Every structure is written in C-alpha cells, then in structure tokens.
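Data block below; observations after.
What follows draws every value from the coordinates through simple rules; no lab data is involved. Every value quoted in this text rests on a predicted model; they were computed, and no experiment measured them. For neighbour counting, all protein chains shown are included, and Cβ atoms are generated from backbone atoms with ideal geometry for every residue, glycine included.
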Amino acid sequence: MDRVEKGKGAPGLTSLDCHCLFRVRYLLPCKHIFHEHMFGNIKLLTADVWKVFQKMFEECGFEIYEGRESTIEFVQTEKQKGAENRRLTVVELTERVRDRYWSVEEMGDVEKTKTFISMLEASLNPIISKFNKSN
C-alpha cells in the first residue's frame, strides 16, 4: 500500500519476472507483482500461479534456496545502481504523467484533455529534440 500512498501507478509488469531483490532472493511474489495484480491491467496472481508456488515448495522444501547463493549475493556496481535509479526515476515520471492524463481524460472535458496533451507535447518536444540521437 506504500506504493499506492506515494502515488505510484502499477509497474506495468506482464509476467512474474520481476528482478527486484525480494523476488530473486525468496522466489515469491514481491510488492511490484502484488501492485500490478491489484491496480494494473493484468491479474498476475491466478489460482494456477499460486498452485505452482505451492508445488515448487512442496517438491523441494527449503532446498529450493540451496545453490542460489551465487545469485543472491549479486552486488551492483555504483554505475549500475546509478543507471537503475535513473531508469526508475523515468518510470515514475512516466507513471505520474500517465496517471494525470487519465484523471483529466476521465473528467470528460475534451478541451481540457486537448490542452493537457498540447502542454505535454510543448514540454517534452524540446527535451526530446535536445537529446535526439543525431545530436
């Protein structure tokens, strides 16, 4: 619920392949997966998915964690952490813009929606042009 309280939209996951530390370490659904399931477009946590988790632990027990120590100990370099933080910032900004667009769209006022889009384009076009691949 912290993600919702912070105004974060659903992470946009389309599968259970979240690469956050919790998911990698414990092999269980993480907050990102639950957030997508509860507030996103895709319901990831179906009854079949829960059965797969249950079966995985029934068959292997805690031994499932043995041999995963090398992946659990993955350490990001400062450069990788910086890149990931920048990526997450862009994802959050994109989510905020998308959420704001839908709240304006849901008002049903076509002129306000057009104004929003026009202002968004006017704001983004100079940024996109400045960092165009050919520059």
Study note, to complete from the structure: Rounded to one decimal in nm, the spacing of the 7 Å Cα→Cβ label points at Val90 and Gln54 is 4.1 nm
Review point. Relative to the longest principal Cα axis of the chain, at what angle does helix 110-130 sit, 0 to 90 degrees, rounded to 10?
Key: 80 degrees
Check your understanding: For the chain, with equal point scatterers placed on the C-alpha atoms only and solvent neglected, what are the log10 I(q)/I(0) values from the Debye formula at q = 0.17, 0.22 1/Å, to two decimals?
Key -> -1.10, -1.37
Review point. What angle do you read, to the nearest 10 degrees and between 0 and 90, between the alpha-carbon axis of helix 47-60 and the longest principal axis of the chain?
Key: 30 degrees
Check your understanding: Full extension from Leu45 to Asp17: what is 0.36 nm times the residue separation minus their Cα-Cα distance, to one decimal in nm?
Key -> 8.9 nm
Check your understanding: With springs only between Cα atoms under 10 Å, which of Asp17, Asp99, Asp109 fluctuates most in a Gaussian network model of the chain?
Key -> Asp109
Check your understanding: When the Cα centres of segment 90-104 and segment 12-29 are compared, how far apart do they sit, in Å?
Key -> 23 Å
Revision key, fill the gap. Between the Cα axis of helix 78-106 and the main Cα principal axis of the chain, the angle (0 to 90°, nearest 10) is 60 degrees
Practice item. Evaluate the charge dipole of the chain about its Cα centre and quote only its size in Debye, nearest 20, assuming +1 on the Cβ of each Lys and Arg and -1 on the Cβ of each Asp and Glu. Key: 500 debye
**Study point:** Which listed pairs, of Lys43/Lys79; Lys31/Lys133; Lys6/Lys55; Lys55/Lys79; Lys43/Lys133; Lys8/Lys130, have C-alpha distances above 31 Å, in listed order
**Key:** Lys43/Lys79; Lys31/Lys133; Lys6/Lys55; Lys55/Lys79; Lys43/Lys133
Study note, to complete from the structure: Ranking Ile127, Val24, Val90 by how far each Cα lies towards the positive end of the charge dipole of the chain (+1 on Lys and Arg Cβ, -1 on Asp and Glu Cβ), the top one is Ile127
